Amino acid sequence: MATLSYNPSKLRNHKPQSHKPISSLSKPIKIPFSSSQFYTLSPSKFNKLRLNSVSESSVSLPTNQPPLTSASDNNFNEEEEEEIDDDPTSEVSYLDSETDPDSIIEWEMDFCSRPILDIRGKKIWELVVCDGTLSLQYTKYFPNNVINSITLKDALISISDDLGIPLPEKIRFFRSQMQTIITKACKELGIKPVPSKRCLSLLLWLEERYETVYMRHPGFQVGAKPLLALDNPFPMDLPENLIGEKWAFVQLPFSAVQEEVSSLEERFAFGASLDLDLLGIEIDDKTLIPGIAVASSRAKPLAAWMNGLEVCSLEADLAKASLVLSVGISTRYVYATYKKSVVTTQEAEAWEEAKKACGGLHFLAIQENLDSDDCVGFWLLLDLPPPPV
């Protein structure tokens, strides 16, 4: 059984502030795993697999913050300080004093309207920036009549100047509607813009801000829908260079998943990990994490191509007997198909339920064959609902 909530110790403000943890994003569901339903990957190797009906048929893929001052150093008492810290109209400008500014080379960013009206009755826009560990946190409100690439470029420069950190090498963002403005601002500053839904720290922080900041703002509009909703397009055919030869539903103990992720850099393997401490995921080491294993005789080139796609998640489409791969901001592929039957439908359902039981955690592994000792690509993935703003 897994629980998923934001780790409140990672959240900071420009003044000491307490935050409520985010409620579970995916209600934990306890389901039994049957060894007959999945491959069970060996905790140390990938060669001890138990075949199931789907995989036996060799299904192919389709063609600088100052130190906190004491109460005696402040010009206001603790009650006044708490009131200021709890002000939903205040902005955040924070850099962890223990973090080397030069080590923060990638930012995550959202630049969008909020369900908040200003004195003109117009929606307020907000820039929210953080890094993957939340060592950097920055927010700034804007009126809706200054939203352009120049405003954004100047704001990014201000973050660098105000906090004494260099501009990043990359900035990830997840709204396709803002791609033109963000791309132009980034390129003028020599920053690589990366359209990606792998902005997990940012997405969870936005959900936390919705509950603790936006809903308490005096201009909050109850029931307001997001102005720039996330795209969820119809899945396309998989490009030829991403096609493997065989695949299978698999499961791997959580302890082994952690070992695999930690060894990515050591083995120079392709893939991506998640900050599980930040996400507040609590899973027993023996809990089996669901995943998809893909085998290919050209595993390394396949993993290399996959590594440049900003892989977000995998889901089983029960109605169409297929797997759907989400990458980047709004790209979805039919990643694999299987022959629909009672058995395969139950297997796919169990795989999806397993994801829910793990708080949406799952993985993708690419191997030379399904009996390989290890993998050449490993991506730890997480299903997250779209942010409420």
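Tabulated values for the structure
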| item | result |
| --- | --- |
| Additional length obtainable on full extension of the chain from Val342 to Ser263, 0.36 nm per residue less Cα span | 24.6 nm |
| Using a Förster distance of 35 Å, the FRET efficiency for Met215-Asn369 (Cβ separation, nearest 0.05) | 0.10 |
| Segment 77-216, relative contact order in percent, only Cα pairs under 8 angstrom and at least six apart counted | 26 |
| Label-reachable residues, segment 250-272, where backbone N falls under 18 Å from a point 7 Å from Arg298's Cα toward its Cβ | 270 |
| Inter-site label distance for Ile105 and Met236 at 7 Å from Cα along Cβ, in nm | 3.0 |
| 11 Å beta-carbon shell around Ala316, net charge (K/R +1, D/E -1) | -4 |
| Between segment 345-365 and segment 368-389, the Cα center-to-center distance that results, in Å | 12 |
| Dipole of segment 77-216, positive direction: furthest Cα of Ser201, Trp107, Thr151, with charges on the beta-carbon | Thr151 |
| Segment 165-188 residues near the modelled Ile150 label - backbone nitrogen below 16 Å, point 7 Å along Cα→Cβ | 181-182, 184-186, 188 |
| For Asp110, net neighbour charge (Lys/Arg +1, Asp/Glu -1) across residues whose Cβ lies under 9 Å away | -1 |
| Extension gain from Ser160 to Glu98, taking 0.36 nm per residue of separation minus the Cα-Cα distance | 20.6 nm |
| Packing-based ranking, highest mean first, of 125-135, 209-219 given that Cβ atoms within 10 Å are counted | 125-135, 209-219 |
| Cross-link pairs Lys122/Lys197; Lys122/Lys170; Lys197/Lys225; Lys192/Lys225; Lys122/Lys225 - those with Cα-Cα distance over 24 Å | Lys122/Lys197; Lys122/Lys170; Lys192/Lys225 |
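No value in this document is a laboratory result; all are computed from the given coordinates. For clarity, every value in this text was computed on a predicted model and none was experimentally measured. Backbone-built Cβ (ideal geometry, glycine too); neighbour counts: all protein chains shown.
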